[in-house]
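Written below as structure tokens is the structure these notes are about.
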Amino acid sequence: MRVSLRAKVVLVALVLAVIPAVGYVHVKQIERLLREGQEQALRATARAIGMALHDRPQLLELRPNEPASDEMQLILKSLARAESRVWIVDQNQRLLALVGDLKKQPPQEEPDWATKLVHPIAAPFLERPSEDFDDSLPEAEFASPAVTRALEGVPARRTRQSVDGRAQIISATSPIWSGEQVIAAVVAEETTNAARSVYNRALEQVVAVTLIAFLAGAVVLLAFATRLSTRLARLRDEAEAAIDSQGRVRRLLHGSAAGDEIGDLSRSFSTVLERLAQYNAYLENMAGRLSHELRTPIAVVRSSLENLKLARPDEAGVYLGRANDGLRRLDTILTRMTEATRLEQLVRTEQRERFDARDVVRGCAHAYPQKKFEIDVPDHPVWLRGAPDLYAQMLDKLVANAVDFSTGEEPLRVRLEARGYMAMLTVSNRGPRLPEAMAGKLFESMVSMRQGASAEPHLGLGLYIVRLIAEFHGGSAEALDREDGSGVVMRVKSPLNSVPGT
């Protein structure tokens, strides 16, 4: 699976961004659950006290400033939460009973090492609960909306600040019934300090985890950047060492197997150097190849001219004929070199059109009337996109090559067919098999299988031209032995163009 460098960096960044976000959402959820649990507990306390005092109005019949009875105190203390305060007011908004204290120190848990580490960092941003606040009960609370609703028979809840604003107090109110009449309201209240302490500890843990994650992410990114710089430096050193000061390729790069962009760059450098090495070899071999091909006609011309000086008049025609043959050979060599150069330029600028390859294949046998051909084309059109003239020239080179190496009376077989999305053009002839040493090199420039001198000069450009034209049509060329080993098959694959105008 290919993973780009950008994807790796984005993945690390996403992880680092998600950790604090998820942690903060989790902490806020904890705070919400604590608040809901605290409110439910207060409602349950107020409801339980209201049920305990139901139909017991004698406990609530107190004169002003008279303390609550022992039984009343016992009921309130037994049902109230340890960290809450409970008070009761009657329909005249008089305080009948008051039990409990809001200033209860919650049990302190020993913080872990991570919390201790981030405590100095997080302390300025956290609201620390304090037990140093004014917990007095103002008379205005006796007529608060929550108490008023409870005296009307409807349970209610309320959140308020302490008198000095240093603490937040939540309360739940419940009516006390006597028969079908509400005679008083009970209020259970406590501060949010305990929930705030839990929230702060959880938030400090999130900060600690976030800092650890960022530290780990920084280490990962540092290691990642170090590895990238090392790979780039190694690639630079290999690229510099691959070419000497004269521009010759000394050695090829071993393309990296990595699936990222640096791996692609390494493989691209390897491909570029390989092509450059091939082109350098082509240039270096050209001198030797041309020297070999030009030496024979030049020697013929030179010897003919020398002999012509010494020959009698009746022998001059022989030596002039040999000199003309040598000149014709030189002209053929130059013509073929010019043709190859022209084709290299033509495939870069030639306009493409849609054509039926069957029309090109049917006319391939006309240039060689002395040879037998078996031509097989399908009944339906084989549409290609390219240049029909170039395709015909490619086919001519393949047929000429097959004619040169064909032996026996077996006809040359030229076949065109459509397989899937590709057009397959094959030229088969009986003759010698492909040398193993030439595997993969036949379609390179200045490569020839012909040994010794021949009447026609061969610079090894024919199959090179075939490859150029095949690539111009978006395909490829390959040479294979026949399955029975009786000859050679040249095959050209080209993509079909079934939609007009594409």
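The values are calculated or read from the model by the stated rules, or taken from the named source; none is laboratory data. From a predicted model like this one, the values you see are computed outputs, not experimental measurements. Ideal geometry is used to build each Cβ from the backbone, glycine not excepted, and the neighbour counts take in all protein chains shown.
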Members of the stretch 374-384 that are in contact with an Asp or Glu (Cβ under 7 Å, 6 or more places away or on another chain) and closer than 28 Å to Glu410 by Cβ: Pro378, Val382
Options Ala387, Ala402; residue that is in contact (Cβ under 8 Å) with a residue 40 or more places away in the chain, in contact with an Asp or Glu (Cβ under 6 Å, 6 or more places away or on another chain), of a type in the set (A, V, I, L, M) and assigned by TED's automatic domain parsing to the domain that holds Leu496: Ala387
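Quick one: in the stretch 184-201, which of the residues that are surrounded by fewer than 20 Cβ atoms within 10 Å (Cβ to Cβ) and among the hydrophobic types (A, V, I, L, M, F, W, C) is farthest from Leu76 (Cα to Cα)?
Filtering the stretch 184-201 down to residues surrounded by fewer than 20 Cβ atoms within 10 Å (Cβ to Cβ) leaves 192, 194, 197-198, 201.
Those left that are additionally among the hydrophobic types (A, V, I, L, M, F, W, C): 194, 198.
Numbers: Ala194: 22, Val198: 28 Å.
Among those residues, the one meeting the criterion is Val198.
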Matching residues, the stretch 356-384, being in a helix (DSSP H, G or I) and touching a residue at least 40 places away in the same chain (Cβ under 8 Å): Ala357, Arg358, Val361, Cys364, Ala365
One residue from Ser454, Ser494, Ser448 being modelled with pLDDT under 85, touching a His at 6+ places or on another chain (Cβ under 7 Å) and of a type in the set (Gly, Ala, Ser): Ser448
Failed item in (1) more than 48 Å from the chain's Cα centre (by Cα); (2) surrounded by 15 or more Cβ atoms within 10 Å (Cβ to Cβ); (3) of a type outside the set (Ser, Thr, Tyr), with Gly179 passing the rest: (2)
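Return yes when Leu228 is in a helix (DSSP H, G or I), without any contact (Cβ under 8 Å) to a residue 60 or more places away in the chain and over 30 Å from Arg128 (Cβ atoms) and no when it is not. Even if it seems obvious, please write down each step before you answer.
On the way: in a helix (DSSP H, G or I): yes; without any contact (Cβ under 8 Å) to a residue 60 or more places away in the chain: no; over 30 Å from Arg128 (Cβ atoms): yes.
No.
Matching residues to (1) aliphatic (A, V, I, L, M); (2) on the phi < 0 side of the Ramachandran plot; (3) modelled with pLDDT under 90:
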position: Ser130; (1), (2), (3): no, yes, yes
position: Leu137; (1), (2), (3): yes, yes, yes
position: Ala146; (1), (2), (3): yes, yes, no
position: Val154; (1), (2), (3): yes, yes, no
position: Arg157; (1), (2), (3): no, yes, no
position: Val163; (1), (2), (3): yes, yes, yes
position: Pro175; (1), (2), (3): no, yes, no
position: Ser178; (1), (2), (3): no, yes, yes
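Residue under question is Leu228, and the condition is that it be surrounded by fewer than 16 Cβ atoms within 10 Å (Cβ to Cβ), over 30 Å from Arg322 (Cα atoms), outside the structural domain of Leu327 (by TED's automatic domain parsing) and modelled with pLDDT of 75 or more; does it hold? Walk me through it before giving the result.
Details: surrounded by fewer than 16 Cβ atoms within 10 Å (Cβ to Cβ): yes; over 30 Å from Arg322 (Cα atoms): yes; outside the structural domain of Leu327 (by TED's automatic domain parsing): yes; modelled with pLDDT of 75 or more: yes.
Criteria met by Leu228.
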